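The values are calculated or read from the model by the stated rules, or taken from the named source; none is laboratory data. Since the structure is predicted, the reported quantities are computational estimates derived from the model, not experimental observations. Every residue, glycine among them, receives a Cβ derived from its backbone with ideal geometry; neighbour counts consider all protein chains shown. Just so you know, the surface numbers come from the protein's heavy atoms only, side chains and all, with ligands and any DNA or RNA stripped out. Shrake-Rupley method; radii C 1.70, N 1.55, O 1.52, S 1.80 Å.
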Amino acid sequence: MENMPSILTPDFGLLFWMLLAFLVVLFVLAKFAFPAITGAVEERKKFIDESLKNAREANEKLAGIKAESEAILKAAREQQAEILREAKRTGENIIAEARSKAQAEGAKDLEAAKTQIAAEKELALRDIRSQVAELSLQIAEKVVRTQLGEDPAQQRYIERLLEEQGVKA
């Protein structure tokens, strides 16, 4: 066992060849593997940075879109409220206008009815007066006929009254 080289206590020749093999592997790795690895790492880093940048931009755009949609929604709600207020005002105006028209029509109809009633009342009063006058004349005629006889004095009196009135008998 003493003839075998020990790994824990290597001799100078083994160290030399191990160092030479290490340097060759290191040179090959540095020449070919490390640039590819660092290029891939740099490319991955760029991809991650670009992804993060895109994600930030997307978040900013999303926040902008969200703010814009909230503003549009707020404007739509305000417009809806304004439309409702306008519709309410229009409805109230229509109701008030209809009410005033109805009152004017009612007043006009009432005035026409009063005028018609007054005209009919006047006509009825004229008719009653003419009937009363006619009845009075008929009664007076009957009374006068019964009281006036064939007396010549009464005949002269009647003729004289007629002459005073300008009527010739």
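On the given criteria, is Glu68 among the charged types (D, E, K, R), part of a helix (DSSP H, G or I) and open to solvent by 80 Å² or more (accessible area, probe 1.4 Å)?
Judged against the criteria, Glu68 is a match.
Residue-wise test of (1) at pLDDT 90 or above; (2) touching a Gly at 6+ places or on another chain (Cβ under 8 Å); (3) open to solvent by less than 100 Å² (accessible area, probe 1.4 Å).
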| position | (1), (2), (3) |
| --- | --- |
| Ala75 | yes, no, yes |
| Gln79 | yes, no, no |
| Ser100 | yes, no, yes |
| Gln103 | yes, no, no |
| Asp109 | yes, no, yes |
| Glu120 | yes, no, no |
| Ala124 | yes, no, yes |
| Arg129 | no, no, no |
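Residues checked against (1) of a type in the set (Gly, Ala, Ser); (2) outside any helix (DSSP H, G or I):
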| position | (1), (2) |
| --- | --- |
| Ala63 | yes, no |
| Leu73 | no, no |
| Ile83 | no, no |
| Ala118 | yes, no |
| Leu125 | no, no |
| Gln155 | no, no |
| Leu161 | no, no |
| Gly166 | yes, yes |
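For the structure I just gave you, tell me whether Thr115 is over 30 Å from the mean Cα position of the chain (by Cα) and open to solvent by less than 100 Å² (accessible area, probe 1.4 Å).
Considered against the rule, which asks whether it is over 30 Å from the mean Cα position of the chain (by Cα) and open to solvent by less than 100 Å² (accessible area, probe 1.4 Å), Thr115 comes out as yes.
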